[in-house]
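Chemist: I have a structure I would like to understand better, so I am pasting it below and will then ask my questions one at a time.
The values are calculated or read from the model by the stated rules, or taken from the named source; none is laboratory data. Quantities reported herein were computed from a predicted structural model and do not represent experimental measurements. Counting neighbours? That spans all protein chains shown, and the Cβs are built from the backbone with ideal geometry, glycine included. With ligands, DNA and RNA removed, areas are computed over all heavy atoms of the protein, side chains included. Shrake-Rupley method; radii C 1.70, N 1.55, O 1.52, S 1.80 Å.
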Amino acid sequence: MEAVEEAWWHLWQGCPARKPDVEKLFAPLAQVPCLTRKTAMTPELLHEMGRRMGVNKAAGMDDWGGAHLRLWPLALWEWVSELFEEVELRGRWPEELRGGIVSMLPKGNTGNPLDHRPVVLLPVLYRMWARVRAREHDRWMQTSGLGALPGRSKGAEEHGLLFALALEYARARGECAGGLALDFSKAYDRMDIDMLEHMARQARLPEWLWRPMLNMYRAPRMVKMGSTVGEWRYPTHGLVPGCPAATFWMALATYPWIRAMRSLESQRTVRGWVDDLTAYVSGREEAKALVTAGVDEVPVS
């Protein structure tokens, strides 16, 4: 337990991202349209969400699960609606609803402390709020051209297969083709939260959207393995897998690279799924130019 805890906190309290790299990388976000749509979180909407919540929805540190919220009357959701309005106004959550329990699930059999999959249990009320706001985040990214692909992406495995098929097709025709595939190690856990704030400000996202989210991302976390728990600590890094909007933050982070690849003159194919990115093209010189540009767009600290 101690080795696992220290290995992961080495990531969650890592070195800050280099400011010049951050400013250069995310400068294109200043050119995208602003997000203006805001769904009203009425008591009726929240009541319906609670009524449809699965009875097995795990509780967070608030100790409320799906079985509880399904029974809440409309009058209680009126209080929750007022709470969400105050949270968006202030940009922070009450300390009693702020924190994450990190369950470490075995990922492989290597014995390496990092060979686990962290699942963060956030307060259920936060998850409800973030679920609504994540939909707006998603709509904004699709309408603004920030999505890695139009519509719903197929997934990293299928993107890799399409890349391999394109190379085999070119080989069968006696043509040259090439490209690159990027998969960032522990991408969620290495993400600097201050960098996320810079991204949000650069894209001119409304503060009622990003401030409550990042306030929860900066909340204390506690690692749990079986019946053993660690200490509460404050992270400086790490997207929270339990947040419904986490994948959209990652898409926002990878957008500048995808944009740079799509701006090349060649007839290239560029795809992205969370932290897995592929770009490939036919032609010897075109492939060399794409790989060179692709490597140059990845800042190395």
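Chemist: Quick one: net charge around G174, please, counting Lys, Arg +1 and Asp, Glu -1 for every other residue with C-beta under 15 Å from its C-beta.
Modeler: Value of the local net charge: +1.
Chemist: Note down the Stokes-Einstein diffusion coefficient of the chain in µm²/s, whole number, using a Kirkwood radius over alpha carbon pairs, 25 °C, and 0.890 mPa s.
Modeler: 117
Chemist: Sort segment 1-138 into rounded, prolate or oblate with this rule: let a ≥ b ≥ c be the square roots of the eigenvalues of the Cα gyration tensor; rounded if a/c is under 1.5, and if a/c is not under 1.5, prolate when a/b is larger than b/c, oblate otherwise.
Modeler: Oblate, because a/c is 1.5 or more while a/b does not exceed b/c.
Chemist: Placing +1 on the Cβ of each Lys and Arg and -1 on the Cβ of each Asp and Glu in the chain, which of A58, S103, M1 has its Cα farthest towards the positive end of the resulting dipole?
Modeler: A58
Chemist: Can you give me the C-alpha center-to-center distance between segment 1-23 and segment 66-90, rounded to a whole angstrom?
Modeler: With segment 1-23 and segment 66-90 each reduced to a Cα centre, they are spaced 34 Å.
Chemist: Before I look further, what does the chain give for accessible area per residue, probe 1.4 Å, in whole square angstrom?
Modeler: Heavy-atom accessible area per residue stands at 52 Å².
Chemist: If packing is taken as the mean number of other Cβ atoms within 10 Å per residue, what is the order of 195-206, 213-224, highest first?
Modeler: In decreasing order of mean packing, 195-206, 213-224 become 213-224, 195-206.
Chemist: How high is the FRET efficiency from R233 to N56, r the C-beta distance, R0 22 Å, rounded to 0.05?
Modeler: 0.15
Chemist: Tell me the label-point distance for the pair E285, E78, using the 7 Å Cα-to-Cβ offset, in nm and rounded to one decimal.
Modeler: 7.2
Chemist: Moving on to the next point. With the Cα gyration tensor of segment 138-287 in hand, convert its eigenvalues to equivalent ellipsoid semi-axes via √(5λ) and list them largest first in whole Å.
Modeler: In descending order the semi-axes read 35, 19, 12 Å.
Chemist: Let me ask something else about it. Taking R0 as 30 Å, what FRET efficiency do you get between Q267 and T39 from their Cβ-Cβ distance, rounded to the nearest 0.05?
Modeler: 0.15
Chemist: Could I ask something else about it? May I ask you to order 132-144, 225-237 by the average number of other C-beta atoms within 10 Å around their residues, highest value first?
Modeler: The most tightly packed comes first, giving 132-144, 225-237.
Chemist: Which cross-chain or sequence-distant (5 or more) residues have an amide H under 5 Å from the amide H of D192, H modelled 1.01 Å from N in plane?
Modeler: Amide H to amide H, under 5 Å and 5 or more residues apart or across chains, D192 pairs with G238.
Chemist: Explain nothing, just the number: dipole magnitude of the chain about its Cα centre with +1 on each Lys and Arg Cβ and -1 on each Asp and Glu Cβ, in debye rounded to the nearest 20.
Modeler: It comes to approximately 560 debye.
Chemist: Also, quick follow-up: Residue by residue, what Karplus-based ³J(HN,Hα) values in Hz, rounded to whole numbers, does segment 28-39 have, using 6.51, -1.76 and 1.60 with θ = phi - 60° and x for Gly and Pro?
Modeler: For segment 28-39, the Karplus-derived couplings read x, 5, 5, 9, 7, x, 6, 8, 10, 6, 9, 6 Hz, x marking Gly and Pro.
Chemist: While we're on this one: In segment 215-267, if every C-alpha pair distance is counted and binned at 10 Å from zero, what percent goes to each bin?
Modeler: 19, 33, 24, 14, 8, 2
Chemist: OK, next. Please report the Cα spread of segment 230-296 along all three principal axes, rounded to whole Å, starting with the longest.
Modeler: Result for segment 230-296: principal-axis Cα extents of 54, 21, 16 Å.
Chemist: Whenever you get a sec, compute what percent of the accessible area on the chain sits on carbon and sulfur atoms (1.4 Å probe).
Modeler: That share works out to 53 percent.
Chemist: Go ahead and estimate [θ] at 222 nm for the chain from helices alone: -39,500 (n - 2.57) per DSSP H run with n ≥ 4, summed, over the residue count, rounded to 500.
Modeler: -14500 deg cm²/dmol
Chemist: Within 12 Å, Cβ to Cβ, of E44, how many net charges do the neighbouring residues add up to if Lys/Arg are +1 and Asp/Glu are -1?
Modeler: Cβ neighbours under 12 Å give a net charge of -1.
Chemist: For a test of understanding, tell me how many lysine pairs in the chain have Cα atoms under 20 Å apart, given they are 8 or more places apart or on different chains.
Modeler: Eligible lysine pairs with Cα atoms under 20 Å apart amount to 4.
Chemist: Taking Cα atoms of segment 68-224, Rg/Rh with Kirkwood Rh, to two decimals?
Modeler: 1.07
Chemist: At 7 Å along Cα-to-Cβ for each site, give me the label-to-label distance between A181 and E95 in nm.
Modeler: So the label points at A181 and E95 sit 4.8 nm apart.
Chemist: If Lys and Arg each add +1 and Asp and Glu each add -1, what is the summed charge of the other residues whose beta carbon sits under 12 Å from the beta carbon of A187?
Modeler: That sum, taken over residues with Cβ under 12 Å, equals -3.
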